[in-house]
């Protein structure tokens, strides 16, 4: 008992430190464009946490998560801009609808394993992407859908990067807290059991099939909320943001950050969102450097940044310690 | 690779020039947003190349009112999220006075809210008519509206007393915009669309659609797409012995189309910007001087044929240069001067902006050309 309580205390301290970091981060940007980039880091963290619950904890791959993100964004946009609905209400209704959809398709899809599951989710992603392009009357087709209103709360309109930063990170922090809670609960242990061996999990009394579908639906709901937030922040959506490439980018965020680590999802999302901005200095060769960096990171930090960075720091500290001893 | 290395060379040379003039007044910063990679790179690459080329030339000739221009160009990858991030960076970090681009209608619509809020003038290189309809205070564009190309084709059909047409459009952004315009303008020209079909961007055989068209009683066929689909349509039409006049869109107005379609290209008609027929224009044509200069320069720097996509960026930089010369480098002044541009003869056409028109072109921006003996010829 005491052990698990001290563990939870440890988790709480980490979360509070992380929250303080996020709250004061904008002071470092002085209103520059990096604040805008970190608004997107927030949205991407939300998505990476959602996918990590499925991929990192339950061990089920999805190459179609951009579709849930896109459905949330488009449905929110259409309900508010075309039909004049309340954005908050729309966000909730859309999230419930996307969750239900994921629940329904989850039953047949999650029977599949490995490459077959990857193919099925990939197919779903492509179908949704084509629908965004072809339903021109509804979605505006390939040239996008504009005129989506900003969110507002009690007369305050979230129309600047500064306000959106706190709105989106507020939502993200709540999601992180709930996810931490979830993965440290009985359900979280059930998910990890599925990850290691479905047969063993079933023997231990875990309802494998239902739990997989539930976590898939939860992941879709979070992605849909991220999509709604994205639509209201950008005030514009177009299909290119929700294609296969973005699904792969999400999987990359989760893996580079660290499978089965909520803070790893933040590191992965932050790295993949910031890296292109940093690499603009390389002009035309940015993609080459980007690719090389990803290769090196997966080679030398197979556990992701969240485990690789402490190991690296530890090694440097040890070496410099040894070095100074030798000098003495 | 040759293109890359020559680009680096011009970059290094321009850096050297910039370094030499470091003591002079600070350069005027212009932002560029181009889809250099990704599916729209066929637009973004020539645009970025052209913009850099024109800026280098302006600087070599002494700059604008004695000050150099500096182009800061970012790749949007044709992705709305990345375009918005890049636009924010241009405005907040680089503090540019104006923005050229983006290359696609989607990217343009995405950055409009950001640019409007920051009150920075932007000249888009994308064609979608919704960019400037309704007019947005800070947004202009240089690419011709698709509707103008449709008007050119329908004008020619009317002259030939053809009233029944079949349309065959590609199912992507370009094709759906063309299809919309073809249907919307038909009545005004007394034209009846007797067959309305689409094909996928990656289809390799259009025999089925053409067979249907053959039996539809159409007197002419209009195909709307970008390479390579229209070349397949031309070859299939020839194989089927379809003897109807075949019209293409400005989406294929480059030599590449003739290469793809081969013999089947003979006799095809299409509306096009003047750039592909620059040397055939009469000396009284107001655009001829700009066109010949652009084609010659692009050939010299990039060893490739300058196309109308690059031309959109050429026009945008030249329009900006004119505005800065007249009103200084304050964003609000640039915007006001852009709106007062009248009769600027560029690559895409003769531009005249006004408070109610930020697209600035008429259907004279297009000429009708016919493919004869594997080359483009002007139709009078």
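Every read-out reported here was derived from the displayed coordinates using simple, explicitly stated rules and does not represent laboratory data. Note that this is a predicted model, so its numbers are computed, not measured. Quick reminder, even Gly has a Cβ in these numbers, built from the backbone with ideal geometry, and neighbours come from all protein chains shown.
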Classify segment B:146-272 from the C-alpha gyration tensor, please: rounded if a/c falls under 1.5, else prolate or oblate depending on whether a/b exceeds b/c. rounded
By Cβ neighbour count within 10 Å, fewest first, A:39, B:96, B:379 rank B:379, B:96, A:39
Degrees between helix B:229-239 axis and first principal axis of chain B (Cα, 0 to 90, nearest 10): 20
Residue-averaged beta-carbon neighbours from other chains (10 angstrom radius) around A:65-75: 0
Heads up, segment A:30-327 by the C-alpha gyration tensor (a ≥ b ≥ c square roots of eigenvalues; a/c under 1.5 rounded, else a/b over b/c prolate, else oblate) looks oblate
Relative to chain B, whose Cα atoms define the longest principal axis, helix B:288-302 and its Cα axis are tilted in degrees, nearest 10, by 80
Using the per-residue mean of other Cβ atoms lying within 10 Å as a proxy for protection, in what order, highest first, do the peptides A:150-160, B:97-107 fall? B:97-107, A:150-160
Exercise: per-residue mean of other protein chain Cβ atoms within 10 Å, B:174-185: 1
Would you mind checking the tilt of helix B:2-20 against the longest principal axis of the Cα atoms of chain B, expressed as 0 to 90 degrees and rounded to 10? 30
Rank the residues B:124, B:354 as a footprinting-exposure proxy: fewest other Cβ atoms within 10 Å of their Cβ go first. B:354, B:124
Cβ crowding within 10 Å averaged over residues, with B:180-193, A:243-256, B:334-347 ranked highest first: A:243-256, B:334-347, B:180-193
Over the protein assembly as shown, what lengths in whole Å, largest first, do the semi-axes of the equivalent ellipsoid take, defined as the square roots of 5 times the eigenvalues of the alpha-carbon gyration tensor? 48, 33, 23
Tell me, B:158, A:212, B:202, B:321 in order of fewest to most beta-carbon neighbours within 10 Å? B:202, B:158, B:321, A:212
Checked segment A:183-328 against the a/c 1.5 cut and the a/b vs b/c comparison, axes a ≥ b ≥ c from its Cα gyration tensor; verdict oblate
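Taking each residue of A:131-142 in turn, how many C-beta atoms of other protein chains fall within 10 Å of its C-beta, and what is the average? Provide the component values of the computation, followed by the final result.
On the way: counts 0, 0, 4, 3, 0, 6, 0, 0, 0, 5, 8, 11.
Average neighbour count from other chains, rounded to a whole number: 3.
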If one computes the Cα centroid of segment B:176-203 and of segment A:190-227, what distance in Å separates the two points? 49
Length-normalised contact order for chain B - Cα pairs under 8 Å, 6+ apart - percent: 17
Modelled label-to-label distance, residue B:130 and residue A:311, 7 Å Cα→beta-carbon offset: nm? 4.9
DSSP bridge orientation in chain B - percent antiparallel, rounded to nearest 5: 30
Antiparallel bridges, percent of DSSP beta bridges restricted to the protein assembly as shown (to nearest 5): 35
